[in-house]
1. Report yes if S301 is touching a strand residue (DSSP E or B) at 6+ places or on another chain (Cβ under 7 Å) and outside the structural domain of V53 (by TED's automatic domain parsing), otherwise no.
2. Determine whether E126 is acidic (D, E) and not in a helix (DSSP H, G or I).
3. Mind checking which residues of the range 383-435 are in a loop (DSSP other than H, G, I, E, B), surrounded by 13 or more Cβ atoms within 10 Å (Cβ to Cβ) and more than 18 Å from the chain's Cα centre (by Cα)?
4. Kindly indicate which of A186, A120, A167, A173 is in contact with a Gly (Cβ under 8 Å, 6 or more places away or on another chain) and within 15 Å of the ligand (Cβ to nearest atom).
5. Out of the residues in the range 311-327 that are of a type outside the set (D, E, K, R) and touching a residue at least 24 places away in the same chain (Cβ under 8 Å), which is nearest to A379 (Cα to Cα)?
6. Hey, among A135, A129, A148, A152, which residue is of a type in the set (A, V, I, L, M), modelled with pLDDT of 95 or more, surrounded by fewer than 22 Cβ atoms within 10 Å (Cβ to Cβ) and more than 11 Å from the ligand (Cβ to nearest atom)?
7. Does G238 satisfy being surrounded by fewer than 21 Cβ atoms within 10 Å (Cβ to Cβ) and farther than 29 Å from R416 by Cα?
8. Identify, by number, the condition in (1) assigned to a helix (DSSP H, G or I); (2) more than 21 Å from D132 (Cα to Cα); (3) of a type in the set (S, T, N, Q) that T355 doesn't meet.
Amino acid sequence: MRTREFLEWPFFTPGHRELAAQVDAWAFKRFADGGGAHAEDRASVDAACRELVRDLGRAGWTRYSVPGEAMLAGLGTDKTVAAGAGRVDVARGGSANRGTAGGSGSAVGAGAAPGFDVRALAIIRETLAYHDGLADFAFAMQGLGSGAITLAGSPAIKQKYLPRVAAGEAIAAFALSEPDAGSDVAAIKCSARLDGDSYVLDGQKTWISNGGIADFYCVFARTSPAELRPDGSVTARGISAFVVDSNAPGFSIAERIDVIAPHPLATLAFNECRIPVGNRLGAEGDGFKLAMRTLDVFRTSVAGAALGFAQRALDEALKQSLTRPMFGKTLADLQLTQAALADMATEIDAARLQTYRAAWLRDRGDTVTKEVAMAKMSATESAQRAIDRAVQIFGGRGVVHGETVEHLYRDIRALRIYEGATEVQKLIIARELLNAARKAQ
Ligand SMILES: Cc1cc2nc3c(=O)[nH]c(=O)nc-3n(C[C@H](O)[C@H](O)[C@H](O)COP(=O)(O)OP(=O)(O)OC[C@H]3O[C@@H](n4cnc5c(N)ncnc54)[C@H](O)[C@@H]3O)c2cc1C
């Protein structure tokens with residue numbers, strides 16, 4: 001029933017189409033049981049995530065989280081390790097205008113994050129989310145959790161972490177949020193003090209995905225005190241980024257957090273946590289910019305995941321409405337059902353156009369802050385509406401634990417909150433619009 005016609009859109013290269021087909025074939029096999037449903041106790045979720053990261057690594061998909069040249073920079077001359085048998089060369093047949101699909105690291109232009117192929121990331125996330133929400137989560141976190149190393153790590157740090165992330169042998173995490181600093185992320189308080197050849201970290205991080213199973217955490221902390229603006233808000237200055245191993249002295253998991261769509265999540269504690277100076281990522285004070293650059297690469301892929309969940313909901317709704325007898329016909333024969341299906345399909349299509357437009361613009365090097373925010377907002381919000389309609393079409397069955405639409409209903413919710421809540425995306429879009437209008441005055 002599912003169509004993949006969107007892959008014929010001009011945003012994609014033949015390499016992207018081949019990648020989409022390969023990931024889809026792999027996911028069909030890996031989730032032959034229908035996917036999506038996992039035991040939800042903490043130990044089972046942790047074990048499932050570890051296994052998924054390993055499997056995604058073996059299949060070659062996590063290599064897309066770690067662009068080739070970032071690894072090569074760390075690997076010196078041993079380029080064979082990074083070559084990745086499972087990796088499709090998405091640059092093949094790539095756009096002839098302003099750079100290629102980026103798999104070869106040749107994306108160009110002021111806005112490009114060298115080497116990241118945002119279209120590939122979004123395609124993989126859409127495909128995995130369609131099949132299994134936890135697989136999408138496991139894939140996404142390898143990229144988000146190691147992105148700051150790719151963007152700003154020293155060659156030694158890249159060499160230490162990235163090949164293992166790409167191979168699915170090390171689990172990554174991104175630790176920015178704190179109890180009093182979520183949307184207002186510049187307000188973080190966790191501190192890092194230079195002491196000889198070490199930094200000493202003190203404070204907390206919360207809502208940290210992979211918290212409890214990660215091998216390392218990219219942590220953002222204050223290296224100088226917060227500066228206040230006249231209105232009382234905190235400036236983005238004085239924040240730096242570090243990589244902290246899960247066995248670093250003074251590091252611990254303060255609390256595990258259980259959420260509606262279970263995945264490993266925790267509050268982290270840093271109690272005189274000592275790490276080598278060389279674990280700093282980028283220059284001291286550049287941490288806020290680095291966090292935003294990392295999110296900027298991966299935010300479009302959140303939209304990709306939302307599309308996968310929404311498309312699955314539409315397909316389940318189509319199947320159900322064609323087979324459910326009602327009033328002497330089927331549910332599909334009723335015009336109100338048809339209206340619901342039409343709304344779902346149209347909104348998914350619109351969100352998909354915005355998502356892959358943003359990814360394509362990003363890959364060719366444009367500055368696309370507004371387009372990325374639009375894609376993240378419209379894909380996650382419309383996916384929530386599509387999934388809700390699917391639950392309605394299923395009637396009572398739609399709210400039964402273990403039904404596909406029931407877990408999609410839970411899977412989608414957090415995407416409207418993390419990596420910038422919808423309200424934050426609206427502010428970004430409005431800021432960009434108003435800045436442009438002011439300049440034009
Ligand atoms: C499942 C999950 C996984 C996560 N994983 C990670 C992770 O791996 N690493 C990490 O660092 N963080 C992670 N987070 C944290 C996430 O980024 C924050 O939850 C998010 O930034 C919102 O912060 P908050 O929860 O503190 O909510 P708050 O900042 O308190 O915001 C609450 C609400 O206020 C509204 N709001 C925000 N700004 C405005 C505004 N200007 N005007 C009006 N309303 C506004 C929004 O609706 C928002 O949802 C995760 C969160 C969840 C739920």
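The values are calculated or read from the model by the stated rules, or taken from the named source; none is laboratory data. Since the model is a prediction, treat every value here as computed from it, not as a measurement. For neighbour counting, all protein chains shown are included, and Cβ atoms are generated from backbone atoms with ideal geometry for every residue, glycine included.
1. So S301 fails the test.
2. no
3. Listed by number, the list holds a single entry, E403.
4. Exactly one of A186, A120, A167, A173 is in contact with a Gly (Cβ under 8 Å, 6 or more places away or on another chain) and within 15 Å of the ligand (Cβ to nearest atom), namely A173.
5. For the range 311-327, the residue satisfying everything is Q311.
6. Working: A135 fails: surrounded by fewer than 22 Cβ atoms within 10 Å (Cβ to Cβ); A129 fails: surrounded by fewer than 22 Cβ atoms within 10 Å (Cβ to Cβ); A148 fails: surrounded by fewer than 22 Cβ atoms within 10 Å (Cβ to Cβ).
Only one candidate qualifies: A152.
7. Details: surrounded by fewer than 21 Cβ atoms within 10 Å (Cβ to Cβ): yes; farther than 29 Å from R416 by Cα: no.
Judged against the criteria, G238 is not a match.
8. Going through (1) assigned to a helix (DSSP H, G or I); (2) more than 21 Å from D132 (Cα to Cα); (3) of a type in the set (S, T, N, Q) one by one, T355 breaks only (2).
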